[in-house]
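Chemist: My structure is below; once you've seen it, I'll send some questions.
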Amino acid sequence: MAQLNVVRTYGYSEVVTVDGNASPLLYVAGLNVDADGSPRAYSPDSKSGLDDLANAGKPGNWWGVATDNNQPNGTPIIQGPNDPAPGFYVSTTSLQNSNFPVSSPSRYVNAETINFIVLPIGFGQGVKVGDFAVVIDALTADYDYAVYADEGPSDQIGEGSMALAASLGYSSNPRNGGTGSGLVYVVFPGSSKGFPASQDAIDHQASGLFTNWGGLSQVKACYPLLAWPE
């Protein structure tokens, strides 16, 4: 059994290193589904969007949609006729492509097409947006590669994109999908290559990191008491 060293705690989830090694970081949690970055994430009427508008903020304090002054107290930008989802707000992520303006949906990581994880604001531990991760389902031993693309509440952990939920076999509905437990997250601090060009690029980078670290057998050694399949 690997020696785990606790560095942070969020509810029942302990963020750990292995044998004192600062890279990677691991934690066990569920998966709340994040729609952020999808052009269809939020709409002015809330009902038409993939997720409830309250998860993007409210007038005077917007944190999940782009605004006309790029500040929380601004007016949300509505996509035009040449954008992917005219009439919807421009949903943002923490990881951004500076080649596009703040008002463009292309600036942000699309939750519908890219596997990404969300970490709490102030997570620290040398982890930066753009770093790579692996998410493993202990019930099936299936896993998928992801990028750290968005920040969430400072006291919660265990959130990922719609695409990640779907790739792991869970409902990708941001309003009621995901799972409450049983996933192991492995995060590689300092591994960022910038804005992800594609899911294939994420898979290529993260798979190399995961293999070099020890892969699934190393995860099982860290968490031998989880319900791994025979």
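Chemist: Of 97, 165, 43, which is farthest towards the positive pole of the chain's charge dipole, taken about the Cα centre with +1 and -1 on the beta-carbons of Lys, Arg and Asp, Glu respectively?
Modeler: 97
Chemist: Compute the length gained on full extension between residue 155 and residue 173: take 0.36 nm times their separation in residues and subtract their Cα-Cα distance, giving the result in nm to one decimal.
Modeler: Fully extending the segment from residue 155 to residue 173 adds 4.2 nm.
Chemist: Okay, moving on. Within the P(r) computed for region 83-178, what percentage of the Cα pairs occupies the region above 24 Å? Could you put the intermediate results ahead of the total?
Modeler: Details: 1072 of 4560 pairs.
Above the 24 Å cut-off, region 83-178 has 24 percent of its Cα pairs.
Chemist: Given bins 5 angstrom wide, list per bin the percent of all Cα-Cα distances in region 104-230, short to long.
Modeler: Percent of pairs per bin, in order: 2, 11, 21, 24, 22, 15, 4, 1, 0, 0.
Chemist: Further question on the same structure: Where a Cα-Cα gap under 22 Å defines reach, which lysines qualify for residue 128, not counting those fewer than 8 residues away within the same chain?
Modeler: Straight-line reach from residue 128, under 22 Å: 193.
Chemist: So for the chain: antiparallel DSSP bridges make up what percent, rounded to the nearest 5?
Modeler: Antiparallel: roughly 80 percent of the beta bridges in the chain.
Chemist: Figure the gain on full extension for residue 217 and residue 23 (residue separation times 0.36 nm, minus the Cα-Cα span) and round it to one decimal in nm. Mind dumping the intermediate values first?
Modeler: On the way: separation 194, 0.36 × 194 = 69.84 nm, distance 1.65 nm.
Here the segment from residue 217 to residue 23 would lengthen by 68.2 nm.
Chemist: Give the value in nm², to one decimal: projected area of the alpha carbon convex hull of region 14-85, averaged over all directions.
Modeler: 7.3 nm²
Chemist: Going by C-beta contacts inside 10 Å, put 26, 183 in order with the fewest on the left.
Modeler: 26, 183
Chemist: So which trypsin sites (Lys or Arg not before Pro) in region 37-141 end up in coil per DSSP with only 12 or fewer other C-beta atoms within 10 Å?
Modeler: 47
Chemist: So for the chain, Kirkwood radius off the Cα pairs, Stokes-Einstein at 4 °C and 1.567 mPa s: how many µm² s⁻¹?
Modeler: The estimated diffusion coefficient comes to 72 µm²/s.
Chemist: Return the distance in nm (one decimal) between the two label points of a simple spin-label model at residue 70 and residue 121, each offset 7 Å from Cα along Cα→Cβ.
Modeler: Going by the 7 Å Cα→Cβ label model, 1.8 nm.
Chemist: Mind giving me the FRET efficiency for residue 100 and residue 9? R0 is 41 Å, r the Cβ-Cβ distance, nearest 0.05 is fine.
Modeler: 0.65
Chemist: Let me ask another. Can you compute the charge dipole magnitude of the chain about its Cα centre, using +1 on each Lys and Arg Cβ and -1 on each Asp and Glu Cβ, nothing else charged? Give it in debye, rounded to the nearest 20. Walk me through the intermediate numbers first.
Modeler: On the way: 9 positive and 21 negative charges, 55 e Å.
Once rounded to the nearest 20, the dipole reads 260 debye.
Chemist: Please list, or write none, the lysines whose alpha carbon is within less than 29 Å of the alpha carbon of residue 47, excluding same-chain residues fewer than 8 places away.
Modeler: Partners within reach: 58.
Chemist: By the scheme Lys and Arg +1, Asp and Glu -1, what is the net charge of all other residues having a beta-carbon under 10 Å from that of residue 175?
Modeler: -2
Chemist: With each run of n ≥ 4 DSSP H residues scored as -39500 (n - 2.57), what mean residue ellipticity at 222 nm is computed for the chain after dividing by its residue count and rounding to the nearest 500 deg cm²/dmol?
Modeler: It lands at -3500 deg cm²/dmol.
Chemist: Also, quick follow-up: Going from the alpha-carbon gyration tensor of region 146-199, what semi-axes, largest first and in whole Å, does one get by taking the root of 5 times each eigenvalue?
Modeler: Output for region 146-199: semi-axes of 20, 15, 11 Å.
Every number in this text was worked out from the coordinates using simple rules, so none of it is lab data. Please read these numbers as outputs of a predicted model, since none were measured by experiment. Reconstructed Cβ throughout: ideal geometry from the backbone, glycine too, with neighbour counts over all protein chains shown.
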